Amino acid sequence: MESLQGATAVITGGASGIGLATARSLARRGAQLVIADIHADNANEAASELHESGYPTEAFVCDVGTDETFADLRDFTLDRYGSVDIVMNNVGVLTSGRPDQLPVSEWERIININLMSVVRSNAAFLPVLIAQGRGHIVNTASFAGLFTYSYDRMPYAATKAAIVQISEGLRLYLQPQGIGVTVLCPGPVATNILATMPPTFGPEVQTGLPGEQFGVLLPEEVGEQVAEAILGDTFMLFTDDQVRDVLVERASDWNSFIAKQTEKLAQH
């Protein structure tokens, strides 16, 4: 997109963290917003903050784990603004436990929220974007979806890897139709995602980290990266370019890479 002036952006999980930071960055560039979040108070507070700063913003309370949510969100946005230009699928939840301790129900919960929310979003918004021949989709994945550095959050990592693959397929399909796709793969970011994580299933486990070279970013830094990626039509957005070296190492010798990761975890 050449400009965000007057563009309508819908952000799920938009009331905090990366979602809210991105909303602020898009608003400063002229976008009008729909902040969608499961927490009504947070959504209303975020929308009020932006509105009071002079940015057109609406709050929408929704549960992305339900089938009807995105159709309602789409209709609400079209009713308020008359168009949808940017859709950011940003909801993500974590769980923790050893692979033999995590119940199937917890896998189902994570897949339903993290992955199926993107599927539901596509079903509601893609026809609109395709019909108008313009727009941009941002899907939030993670470093955890690019390479494995732990084993205690496998459902989360699996869904984030799937989002990377979905985003690649969408890019191939939608780019010729005038619609951009960005997959955001954050490393460590200071958000409140841990607040929604249930207690560890089974014995406590030491969570692996992506690497000591990756510092913790503020959400505001990532929000700016997302806004620039939309304007620049960037597909893969790493929050830290040092991850490229890790991915090259893995691709060069995957067997040695996973052996090295195993050794790291064994030392903790």
Practice item. Calculate the length of the line joining the C-alpha centroid of segment 90-111 to that of segment 139-177, in whole Å. Key: 16 Å
Check your understanding: Who wins for biggest fluctuation among A157, A131, A21 in a Gaussian network model of the chain, springs between alpha carbons below 10 Å?
Key -> A131
Practice item. Work out, step by step, the length gained on full extension between W254 and D63: first 0.36 nm times the residue separation, then minus their alpha carbon distance; give nm to one decimal. Key: 64.9 nm
Practice item. Rounded to the nearest 10 degrees, what's the angle between the helix 69-81 long axis and the longest principal axis of the chain, both from Cα atoms, 0 to 90? Key: 40 degrees
Exercise for review: Would you mind classifying segment 1-87 by shape? Square roots of the alpha carbon gyration tensor eigenvalues, ordered a ≥ b ≥ c; an a/c under 1.5 is rounded, otherwise it is prolate if a/b is larger than b/c and oblate if not.
Suggested key: oblate
Check your understanding: Cα atoms only, segment 56-204: Rg and Dmax in Å?
Key -> 16.4, 52
Exercise for review: List, in order, the whole-Hz ³J(HN,Hα) value for each residue of segment 202-216 obtained from phi through the Karplus relation with A = 6.51, B = -1.76, C = 1.60 and θ = phi - 60°; use x for Gly and Pro.
Suggested key: x, x, 4, 9, 7, 6, x, 10, x, x, 5, 6, 9, x, 7
Check your understanding: Using the alpha-carbon centroid of each, what span in Å lies between segment 185-257 and segment 1-76?
Key -> 23 Å
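Please give the calculated 222 nm ellipticity per residue for the chain, where each DSSP H segment of at least 4 residues contributes -39500 (n - 2.57) and the sum is spread over every residue; nearest 500 deg cm²/dmol? Before the final figure, lay out the partial values.
Numbers: 9 runs with 120 residues, N = 268.
It comes out at -14500 deg cm²/dmol, rounded to the nearest 500.
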**Study point:** Pairwise label distance in nanometres, E221 with L194, each label 7 Å out on the Cα-Cβ vector
**Key:** 1.7 nm
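Please give the contour-minus-distance gain from I130 to H39: 0.36 nm per residue of separation, less the Cα-Cα distance, rounded to one decimal in nm. Show your work: numbers first, answer last.
On the way: separation 91, 0.36 × 91 = 32.76 nm, distance 3.04 nm.
Computed gain between I130 and H39 is 29.7 nm.
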Review point. Using a Gaussian network model of the chain with C-alpha springs under 10 Å, which one of V87, V104, V216 is most mobile by mean-square fluctuation?
Key: V104
**Study point:** Magnitude of the charge dipole, the chain, Cβ model with Lys/Arg +1 and Asp/Glu -1, debye to 20
**Key:** 460 debye
**Study point:** Per residue, in Å², the accessible surface of segment 136-268 once ligands and nucleic acids are set aside, probe 1.4 Å
**Key:** 50 Å²
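Using unit Cβ charges (K, R positive; D, E negative) and no other charged atoms, how large, in debye to the nearest 20, is the dipole of segment 76-159 about its Cα centre?
On the way: 6 positive and 6 negative charges, 30 e Å.
My answer is approximately 140 debye.
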Exercise for review: Quickly work out the E49-to-V119 label distance, labels modelled 7 Å from Cα along the C-beta direction, and quote it in nm with one decimal.
Suggested key: 3.3 nm
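The values are calculated or read from the model by the stated rules, or taken from the named source; none is laboratory data. This structure is a prediction, so every number in the text was calculated from the model and none was measured. We place every Cβ from the backbone using ideal geometry, glycine too, and count neighbours over all the protein chains shown. Just so you know, the surface numbers come from the protein's heavy atoms only, side chains and all, with ligands and any DNA or RNA stripped out. Shrake-Rupley method; radii C 1.70, N 1.55, O 1.52, S 1.80 Å.
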